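Colleague: First the structure, then my questions, so here it is.
Derivation of every value follows stated rules applied to the coordinates shown; laboratory data play no part. Quantities reported herein were computed from a predicted structural model and do not represent experimental measurements. In this analysis, Cβ positions are derived from the backbone assuming ideal geometry, glycine residues included, and neighbour counts consider all displayed protein chains.
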Amino acid sequence: MLVFVGVVLLALNLRTAVAAISPIVDLISAELTLDPVALGVLGATPPLAFAASGLIGPMVVRRVGLERALVLAIIVMVAGHLGRALAGSTLILVTATIITLLGVGVANVLLPPIVKRYFPTRVGAVTAVYATVMSVGATIPALIAVPVAEGAGWRVSLGVWFASAIVVAIPWVISLLGRHDQTHDAAARAAEAVETGALPVSSRLSVLRSPIAWSVAGVFATASFSAYAAFAWLPLLVSDLAGVDPAAAGGLLALFTIAGFPAALLVPVLASRLRSATPLVVAGLAFHLVGYLGLLIAPASATWLWVLLAGFGPLLFPLALALIGLRSRTAAGAVALSGFVQGFGYLVGAAGPFLVGIIHSATGGWVAPLWLLLAAAVFAVPALFVLAPGETVEDELERRAG
């Protein structure tokens, strides 16, 4: 129960750093100089930091263990939030943001292995809970950032998340201290050996050779590419193609975001109950393709419907999170799989806004960018075939090794 509380609190804080600055940029700019370059760096940092964390997270786990690595990630988050709140220059603000998001990114990578270790028979249900809470956490800064900044200043608005991150650390520190009391137990020592990569299977686990790993990463990449591109460009796209006003365009972006809530709640549970992930991948791809095809062919007719369907497409995101736990046999396997899937997926996602913007600028329209968004579905296609059986990454690698 303590770990479950820790998972929920952590999930609630994994998107606040991303969403806390943009609503109060004008208020920050009144004191610090946020030029277009600084704003561009701040906008590009989340997916790039999360991608880098796919490499950093497993390395830290191998050195210090799973729980210790997560506590370190939370400490980095706390330090980064405090740095942002106290920033006296744009450079410090940007640097503190990078630090914060690296901590968040490592926590992103480590949550699926934590779920795999502590809730091996409840992977789908617990993943559904934390994926939904993450979605809720992403909306909170948008609601309170401006009122708090106007009433108490932008530093307090950012400092709120410093206090929140400290609260997150409490159950994990207590849990870690409890594990220290059990170090005499042989089973605990064996579990620690697996987590730190001391066992042969863990130390030689190479997900780069795993079709399962590449397939789950492809599912994550399609969702990430679509979501980040939509967050950056959907309001302008529907304004240009459907002629909606800015308020309505913002509402359509909110609709795109809200569409992911039921998916976050239901998809991981369904994934844990179905022997094959193929039906869920098919559903995600169908929503993705129909939504963006609708915006391409008839953008002014039922614009809300096309946006809603496109918003259902990223059900592939909670599906990939669930598959990290479901397609790994051990916590070590989940660490390796999570690092690779999220590293690759967020790297592809970071390219989304840039490529869509470049193609839009080059062509002066939205036809080519929409074709690019449609083409992003190709990343998830291998999952239709590879993820049909219920094999784990460890099983697959051991079978290939002979």
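Colleague: Hey, quick one: spin label on residue 209, modelled 7 Å out along Cα-Cβ, who in the stretch 375-395 has an amide N within reach, i.e. under 17 Å?
Modeller: 392-395
Colleague: Let me ask something else about it. Among 134, 1, 77, which comes first, second and so on when ranked by fewest other beta-carbon atoms within 10 Å? Don't skip to the end; give the middle numbers.
Modeller: Values: 134 22, 1 6, 77 31.
Going from sparsest to densest Cβ surroundings: 1, 134, 77.
Colleague: Run the numbers on the chain and let me know its relative contact order in percent, using alpha-carbon pairs under 8 Å that are six or more apart.
Modeller: Dividing the mean separation by the residue count of the chain yields 26 percent.
Colleague: Fewest Cβ neighbours within 10 Å first, please rank 50, 162 accordingly.
Modeller: With the fewest neighbours first, 50, 162 line up as 162, 50.
Colleague: Provide the gained length on full extension for the span residue 354 to residue 59, in nm with one decimal, where the gain is 0.36 nm per separating residue minus the Cα-Cα distance.
Modeller: Using 0.36 nm per residue and subtracting the Cα-Cα distance, I get 103.3 nm.
Colleague: While we're here: If I take every Cα pair under 8 Å that is 6 or more residues apart in the stretch 215-347, average their sequence separation and divide by the length, what percent do I get for the relative contact order?
Modeller: Across the stretch 215-347, relative contact order equals 40 percent.
Colleague: Starting from 0.36 nm per residue, how many nanometres of slack lie between residue 156 and residue 248 once their C-alpha separation is accounted for?
Modeller: Gain in length upon complete extension: 30.0 nm.
Colleague: Going toward the positive end of the dipole of the chain, with +1 on Lys and Arg Cβ and -1 on Asp and Glu Cβ, which of 364, 143, 261 do you reach last?
Modeller: Of 364, 143, 261, it is 261.
Colleague: Select from 162, 343, 291 the residue farthest towards the positive end of the dipole of the chain; place +1 on Cβ of Lys and Arg, -1 on Cβ of Asp and Glu, and compute about the Cα centre.
Modeller: Going by the Cα projections, it comes out as 343.
Colleague: Taking the beta-carbon count within 10 Å as an exposure proxy, list 225, 119, 344 from fewest neighbours to most.
Modeller: Fewest-to-most Cβ neighbours within 10 Å comes out as 119, 344, 225.
Colleague: Between residue 375 and residue 290, what FRET efficiency follows from the Cβ-Cβ distance if R0 is 25 Å, with the result rounded to 0.05?
Modeller: 0.95
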